[in-house]
Amino acid sequence: MSSDQRNPARQVAERLAAENRSLRGRLADLEAQVARLQQENASLTAAQAAALLEPIEEMQPV
C-alpha cells in the first residue's frame, strides 16, 4: 500500500477516534444529567407524597 493510500486512511482513523472521544464525553454528560434528574424526581416524588398524606393525617381522630 502506498503512503498516499495510508495517509487518507490514517486521517479517517484519526477523525473517527476524535469523534469517538467527543461522543464518549457527550455520553458521560448525558449520564450525569440522567442521575441528577433521577435524584430530583425522587425528591419531588417524596415531597408530593408527603403533601398528599398530610391532609389525611389531619383528618385522623386524636
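Bear in mind that the values in this text are calculations on the coordinates, not laboratory data. The shown structure was predicted, so the numbers you read here are calculated from the model rather than taken from an experiment.
For P(r) over Cα pairs in 10 Å bins from 0, in percent, several values are listed as (i) 18, 19, 16, 14, 12, 9, 7, 4, 2, 0; (ii) 18, 38, 35, 7, 2; (iii) 24, 62, 14; flag the one computed from this structure.
For P(r) over Cα pairs in 10 Å bins from 0, in percent, the calculated option is (i).
What's the angle, to the nearest 10 degrees (0 to 90), between helix 3-59's Cα axis and the longest principal axis of the chain?
Rounded to the nearest ten degrees, it is 0.
Pull out the extension gain between Ala9 and Ile56, defined as 0.36 nm times the separation in residues minus the alpha carbon to alpha carbon distance; nm, one decimal.
Contour length minus Cα-Cα distance gives 10.0 nm.
Can you give the helix-only mean residue ellipticity at 222 nm for the chain, where every DSSP H stretch with n ≥ 4 adds -39500 (n - 2.57) and the sum goes over all residues, rounded to the nearest 500 deg cm²/dmol?
Computed ellipticity for the chain at 222 nm equals -34500 deg cm²/dmol.
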